[in-house]
Each structure stands twice: as C-alpha cells, then as structure tokens.
1. Among the helices (runs of 4 or more DSSP H) confined wholly to the range A:40-153, which include 1 or more residues that are within 16 Å of ligand 1 (Cβ to nearest atom), closer than 21 Å to A:L171 by Cα and of a type outside the set (S, T, N, Q)?
2. Just to confirm my filter: which helices (runs of 4 or more DSSP H) fall fully inside the range A:160-236 and include at least 1 residues that are among the polar types (S, T, N, Q) and at negative phi?
3. Select from the range C:46-72 the residues that are within 7 Å of chain B (Cβ to nearest Cβ) and out of contact with any Leu (no Cβ under 9 Å at 6 or more places or on another chain) and write down the one among them that is farthest from B:T73 (Cα to Cα).
4. Among the residues of the range C:73-90, which ones are crowded, with 19+ Cβ neighbours inside 10 Å and more than 7 Å from chain B (Cβ to nearest Cβ)?
5. Criterion first (more than 14 Å from ligand 3 (Cβ to nearest atom) and among the aromatic types (F, W, Y)) does A:F283 satisfy it?
6. Taking A:I247 as the residue in question, decide whether it is part of a helix (DSSP H, G or I) and within 12 Å of ligand 3 (Cβ to nearest atom).
7. Of the residues A:I140, A:I214, which single one is within 24 Å of A:A300 (Cβ to Cβ), among the hydrophobic types (A, V, I, L, M, F, W, C) and touching a residue at least 12 places away in the same chain (Cβ under 8 Å)?
8. Assess whether A:S334 counts as being of a type in the set (S, T, N, Q), within 8 Å of ligand 1 (Cβ to nearest atom) and over 30 Å from B:Y131 (Cα atoms).
Amino acid sequence: MTYKSQSVAKLYFIAAIALFAAQILFGLILGLQYVMGDFLFPHIPFNAARMVHTNALIVWLLMAFMGAAYYLVPEESETELFSPLLAILMFWIFLVAAGLTVAGYLLVPYSTLAELTGNDLLPTMGREFLEQPTITKLGIVVVALAFLFNIGMTILKGRKTVINLVLLLGLTGLAVFFLFAFYNPTNVVLDKYFWWWVVHLWVEGVWELILGSILAFVLIKVTGVDREVIEKWLYIIIAMTLITGIIGTGHHYFWIGTPEYWQWWGSIFSAMEPIPFFMMTVFAFNMVNKRRREHPNRAATLWALGTAVMAFLGAGVWGFLHTLSPVNYYTHGSQITAAHGHMAFYGAYVMINLTIISYAMPLLRGRNAANSNKSQIWEMWSFWLMTIAMVFITLFLTGAGILQVYLQRVAENPQPFMVVQDQIALFYWLREIAGLMFFGGLVVYIASFFVGQDEPEATVAQS
Amino acid sequence: MQEQVIDTSDVLHDRHPPGDLAIWIFILAELSVFAVFFAAYAFTRMNNVELFNEFQQHLDRQSALLNTLTLITSSYFVVRAVAAIKENNHKLCVNWLLAAISMGFLFVVIKSAEYAHHFGEGINLSTNTFYMFYLSLTFFHFMHVIMGMVILGAVAIKAKNGGYSDIEHTGVETGASYWHMVDLVWLILFPLVYVMR
Amino acid sequence: MNNKVMGVRRCTWVYLVLMFFSFITYFVGRLELSGLTISLFVLLLALIKGQLVGAYFMGLGRLRGLWRWPVFIWLFIPGTLISIAFYLSA
Ligand code: HEM
Ligand code: HEM
Ligand SMILES: [Fe+2]
C-alpha cells in the first residue's frame, strides 16, 4: 500500500464479503424451496428470499467496486484520496441502508414495506433487481454521487491514466443508468424498455468498463508488462463493448411489444457481444505469458485468469446460446436464463472483485506483497471449489432448462409449467448439492483470511 | 559475407498489417458485424423477394453511385497520404488527409439528403422489412464514416504538428486502415442493397 | 507503393479500376437489369473491388502469413452466403 488513504477500501471489502456470504445462504434457501416448496414458509417466502439473494449480490458487488476504486485510484493517480472521511461516512450510510432494506424484506410483507417507505409518493418498487424502497434508492444515489465526487477530485488532482479514466467512465455510467430506476411509467412496455437500461446497460455496458480497468490494473501489477501495451488492449475492448453492448440491449426487446426491427438489431449486435469478452481472455493470458516478473501473490494471478475465462464462458458462451431471437423465442425466461445469469455474474463480476480483493487485501493488512503460502493455498482451493461448483450449477440449470423448454414449449403436446417443474426436480436437487459445494468453497475462502497469519510472506518460488 | 541490397518495397516482406495491431483486431470485429448483417439481408430477402425488389426501386441509385465514388476517391487520397509520410513529406500528407476528410464530408452530405428524402416520405424502420434493413445497414455504416472522419482528423492534426516521420508513422497507417475498412464495407453494401435484384 | 506501372502509380491504376467497376454496377442498376446471372456478376465485381482495396489500399497483398487473408476471407464468406441466398430465391 503506497497511500495511507487507500486503507478505506478495507472496510468496503470486508462488508462486501459478509454480504456475499448472506447472498449465498439465501441462494441455498431458494434452491431448497425449489424442491421443497414450503421450506421456511411462512417465515421466509420464496419471493422475499429471492430479493435478498439478488439484492445482496448487487449491493456487495457495488461495495466491492467502490472498494476497488478507493484502492486503485489513489495508486494510479499517485496522490492521496480527496477525502477519506467522506468515503468512510458513505460506507456506513450505505451499509446501514442495505441492512435496513434487507431487514425490511424479511420482517414485513413487501406491500407493507412499500407503504411504510412511502412508495406511493414516487413509486419505484416491485421490479426485479430494483425492489429496494424508494428511500433506499435515493440513498444509493447520494452515496454514488459522493463517491464519484471523491474519486473524480482525486483523479483531477493527480496523474490521469487510461485505467483511471476508464474506471471513472464506467462508474459514472453506472450512476447515470441507475437513474432510470426512478422512471416507472404505467405503460408496461415502456417500463420494461427502460428497466433494461439499468439491468442490461449495467452488466453488458458500463460494468464491463469497470471490469476491464480493474483487470488491467491487477495485470499491470502482477505481470509488470508495459502500461502502454495494456492500455491499447483496454481501448479496443471498451470500443467493442460499447458498439455491441448498447444496441445489444435489443436482445431483451424481442417479446415486450417493441417494434420488429429489434429482432434484427438485438440478434445481430448482441451476437457480437462475446467478442470483447473473448478479447479480455486473450488479453489476460497474453499479459501473463509476457510477464516481466514473478509476483509472489499467485492467488491474485489465478483469480485474474479465472475471471477472464469464466466471464467469457458465462457471458459470452452462455449468453450467445440464447441471444438470437429464433432461439430466445423458445428459451425466454427459462432455466437457461438462470444458468446464464449465474455463470455470467459469477464469472465476470464476482470474480473480478475477488481478484482485486485478493491483490489488495494482503497489502491493506500490512503485508509487503502477498499472503503467506498457507493462506494462498487455502485461497486457491476456494477458487477451485467455488468455480467448479458454479460450473456445475450452470450445467445442471442448463440441463433443467433444455428439458423445460422441450417439455413445455417444443414437444408436440406441451405440458403446463408446474407439471414440467416436477419432472425436472432431479436437476434442482443436483443444483442444490452443487450450491452446497459452493458454500464450502466460500467457507474456505473466508478461512483463508485467518489461516497462516503468523507465517512469513510467500516468496517467488525458485523452481 | 556480403550483404545484398534489394528493393523490398514491393516484395513480400512483412508479417504484420500496416498500423497498430489493435486497430486490426477492431477492424475484424467490425467487419464481422457487417458480414452478419449482409447475410441476414440476403436470407431475409429470399423470403420477401417481391417486397425487396419493389422497394429497392425507390432508392436513389444516383446518390449511391456518387457516394461510392466519394469513398473510393477518399480511400485513394488516404493511400497517397501514407505514401507522402513515408517520403517524410508532412505537408503533403496533411493535404491528402484533408482531401480525404472532405470526401468523407461529401458522403455525409449526400447520404443525409437521401435520409431527409426518405424521412420526408414518412418512412421509418417499421415501414417494412426492406426499409428496416436499408436504414439499419446504411445508418450503421454512416456512423462509421463519421467515426472514420474523426480518426483521420486526429491523425491530420498530429501530422500537422510534425508527429509523424518516414520512420515512425504507425498512427497514419492505423487511421488509414480504419478508413479503408469503411470504404470496403460500402463496396459490398452498394450493389447488395441498391442494385442486386 | 512507390512503384509505377507505365509511369503511373500502382495505386492510381487500382483507383481507376475501382471507379470503372462502380460505374458498371451503377449502369446495371440504372437499366434495371435483374436475374441471377446479373446479380452474381455485380456481386463478383464488388468482391473484386473489395479484394483490390484489401490488397493494394490496405496493403495486405504484400504480407506473408495469416494477415494476408482476413479481407479475402471476409469477402469470401458473406459473398458465398449472398450468392446462395440469391440462387435459392431466383
Ligand atoms: C457479465 C455479463 C452478463 C451478465 C452479468 C448477465 C446477466 C444476465 C441476467 C441476470 C439475466 C436475466 C435477467 C432477467 O430476466 O432477470 C440475463 C438475461 C439475458 N442475457 Fe445476459 N448477462 C451478461 C452478458 C450477456 C451477454 C454477453 C449476452 C449475449 C451474448 C447475454 C444474453 C442474455 C439474454 C439473451 C438474456 C435474456 C434471456 C431471456 O430471454 O430470458 N448476456 N443476463
Ligand atoms: C456467486 C454466486 C451466485 C450468483 C452470482 C447468483 C446470482 C443470481 C442471479 C443473478 C439470480 C437472478 C437470476 C435470474 O433472474 O434469472 C439468482 C437467482 C437464484 N439463485 Fe443465485 N447466485 C449465486 C449463487 C447461488 C447459489 C449457490 C444458489 C443455490 C444453490 C442459488 C440459487 C438461486 C435461485 C434458486 C434463484 C432464483 C431463480 C428463480 O427465480 O427461478 N444462487 N442468482
Ligand atoms: Fe442483456
């Protein structure tokens, strides 16, 4: 750690990991409710658990992005953070708001929560991923603005690098598109139309810029490759992301009442969206192959390469699978979607955050470059456990999805939804088992922060 | 050992395309989007031959020809700009680049007039499948022309400030490659959408 | 690119061919000629033009190895697909 103010990142990272754990716990509850419908009913109904699972995911990813920014912006700008105090203050506001919101989901019925929080004044609730009460959303905006101000001022007073600017662009985009969460027209077509401006333009637009810049930062650090080379890659990845991703929103406009040309625009442009993800994979491996030094933090390198591969698989391959409108006609809203959603979120955004955490945490905790060997070995075990478990979750859901689509939509005598669900329960059981394995990996991951603390730092293997 | 001096300017001598490798990866990605669009056009036409043939008649072939000529000419100018900088002639290089950009500008003007005409008739993306393709394809290309002009503009400014020389002119070649790509796409688009029936 | 054929730069020759082919294409359209043979002929002209741009303007024709081919392949694949589609609908 070069700058004292970078240490605020630690708070954000710790809270992110705690929420990650909560997210997975609720995932397991959901998975069990899929096969045992009344599990925990009426205390935690499926819809409430689902909100906690997905919202915890989004919030912890946002927290970790902020942590990442607070860590890497001072280092890239070669100056202290504009205001560490503001960063700490915003952290607590964000955490308390998140905690209250989750408590609200779990303690009172959703409609009561809406009433309590004055949703009728400015109705924004009730839409997937944007279920938060309006006041929580306003809180998020305040936190995001203060955050952008803080980061922006830091960049302004310091060195301006491509990584910094791309990150700032991504984070600004994140905040701007979130504003569409406040637009809630009564016309359902318009509602859905703009809802995707948050959801799609986040994960397949501006978040990819954040992903690219964090990946580039870590790769510079662990490989020692020239900044110039890495920046060049960043440029084309971003250009490709924006060209394909923006119009690619059309792959959500096939069946919601939008004009027909979206069938073509959505199919063609989104079919190209895997390209930037593929470039990222090539980029990461290229840089590691050209490395100028061996970094003792092998775990961070592993996470970085893992991100590049899994993001391509989850977003690129599993996304492409159902992105052409004639295919999506059958697969829309099936378990194929869930399979893709899981692997893409994990491969791209969970893993990039675990990458930067893996790189930064040892430094934030006073190490020179890396954790002890023992701690790294635990961490790498958790990498494999979680990643392989996620591959299995994806495969089981894909299996479930193929059967579901066939029985429910393709077969000569299509069967009703619930009848089909019963027939594919086996896959849901398997998914739950893979989920337990994921949870095991998470436990090992958390443990890796505690083991081997009194052992010396890992050094570069002299093999 | 005696060294042999041969003129390598025209024989096979290089493994890497002119300009920055990154732009080439970008060019390939862009070309593939257009390739998919072209194939989609052709196969959709297969099921709507009459419709396509009928509305193709409404397009302004003359403007399309003019636009083809402007792009080819401007591509040629860019070739000359690269040749000029290889002879270390900054001023000439800048002039060729400016000429190329003006041709690009001409393209934009002609194409805009065409659009104005169509929009004036109340035609839009939802009018029919033919117009959907015509407008999408040409507009996507149109945006590339503008993008290319911006790139050439940046290169021209740097060239004017003496940023390139006969030894180091990757930037000029990078901009040139992108611009040729814009031309290349139009060369297929023109017959496909305006002429073939 | 500095070499000349009959006293004129090679790229200028290429330019003239490109212009000439474009006029032919235009007149085919102008005369409203139609049918498979005509279409494929016009397409062929376009593919040749594309290859000329790739080889001489973009400078790929001078290269050894893989990079010699991308424009050719790019022309070849959609060219084939377009031909098939026009053939099937003729
Ligand atoms: C990291 C990037 C990505 C993430 C995190 C992600 C995540 C998701 C999620 C969560 C959904 C479900 C949304 C919902 O209906 O609730 C979804 C849907 C979808 N995604 Fe992605 N995605 C990513 C990239 C991609 C890419 C690159 C493609 C295309 C190549 C793609 C294609 C699709 C399609 C077609 C759907 C709609 C599925 C349906 O009709 O039900 N995604 N994505
Ligand atoms: C880091 C790991 C995980 C990520 C990133 C993640 C992400 C997501 C996302 C984005 C959705 C919404 C999907 C959609 O709208 O299509 C979702 C829903 C769900 N997740 Fe997860 N999840 C993870 C782990 C788990 C685990 C371990 C389980 C259980 C074994 C699980 C079970 C579920 C269930 C049952 C749903 C609800 C699907 C539905 O509504 O039909 N998740 N998760
Ligand atoms: Fe999407």
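1. Fully inside the range A:40-153 and qualifying: A:46-77.
2. A:162-178, A:207-223
3. The residue in question is C:G65.
4. The answer is C:L75, C:G79.
5. It is true that A:F283 is more than 14 Å from ligand 3 (Cβ to nearest atom) and among the aromatic types (F, W, Y).
6. Considered against the rule, which asks whether it is part of a helix (DSSP H, G or I) and within 12 Å of ligand 3 (Cβ to nearest atom), A:I247 comes out as yes.
7. A:I214
8. Details: of a type in the set (S, T, N, Q): yes; within 8 Å of ligand 1 (Cβ to nearest atom): yes; over 30 Å from B:Y131 (Cα atoms): yes.
Yes, satisfied.
The values are calculated or read from the model by the stated rules, or taken from the named source; none is laboratory data. In this text, all values refer to a predicted model and were calculated from it rather than measured experimentally. Because the Cβ atoms are built from the backbone with ideal geometry, glycine has one as well, and the counts that use them run over all protein chains shown.
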